[in-house]
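Take a look at the structure below.
The values are calculated or read from the model by the stated rules, or taken from the named source; none is laboratory data. Predicted, not measured: the structure shown is a model, and the values here were computed from it. For neighbour counting, all protein chains shown are included, and Cβ atoms are generated from backbone atoms with ideal geometry for every residue, glycine included.
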Amino acid sequence: MGNRVRDNRAAGATGPRAAADALQAMRDATRRRKQHMFRAADDVSSDTRKRRLRWRGILAVLVGVMLAPILYETTALSVARWRSLTGPSTSVSTPVLNSMQSSYNDLSRAGNRAVRSKFHDLPWKPSVVLACGAVWCVIGWLYFRKS
């Protein structure tokens, strides 16, 4: 509390004026504390903002560097296709896209092998279980749609 409240109490002040002074002193003290807290929060938030912007910039550069070969090769393919409309076709070297395609094919084959091995000999009929699952999904969808 402020000095005004202490002075009024020490002087023996009572009544509505003393209560108003005490209330005003409490408001002033609260306002000063809040201003101090907001200043401290602004200092901290500006530091974190600078760090966040720095990391965003670094991340944007890294993503751009990673996507640059893919964009270059897809653009080269598109240009070659358009050029083939007006004259002889040209071949384009696309090592990054070729390696991405071979990796995708390898992962796809491995995934198919893993899934087929699990579902080869089942003790239940998948058609019945999948149909029941689809029915439950529709029931849940209708329930949540109404609520």
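In segment 74-83, is there at least one residue being closer than 30 Å to Q101 by Cα, modelled with pLDDT of 85 or more and basic (K, R)? Yes, some residue in segment 74-83 is closer than 30 Å to Q101 by Cα, modelled with pLDDT of 85 or more and basic (K, R).
Tell me whether segment 24-45 contains one or more residues that are of a type outside the set (V, I, T) and either outside any helix (DSSP H, G or I) or modelled with pLDDT of 90 or more (or both). Checked segment 24-45: no residue is of a type outside the set (V, I, T) and either outside any helix (DSSP H, G or I) or modelled with pLDDT of 90 or more (or both).
Taking the criterion of being of a type in the set (S, T, N, Q) and more than 30 Å from T75 (Cβ to Cβ), the residues of segment 97-147 that qualify are N112, S117, S127, S147. Selection within segment 71-128: residues that are among the acidic types (D, E) and assigned to a helix (DSSP H, G or I). The member of this set that is surrounded by the fewest Cβ atoms within 10 Å (Cβ to Cβ) is D106.
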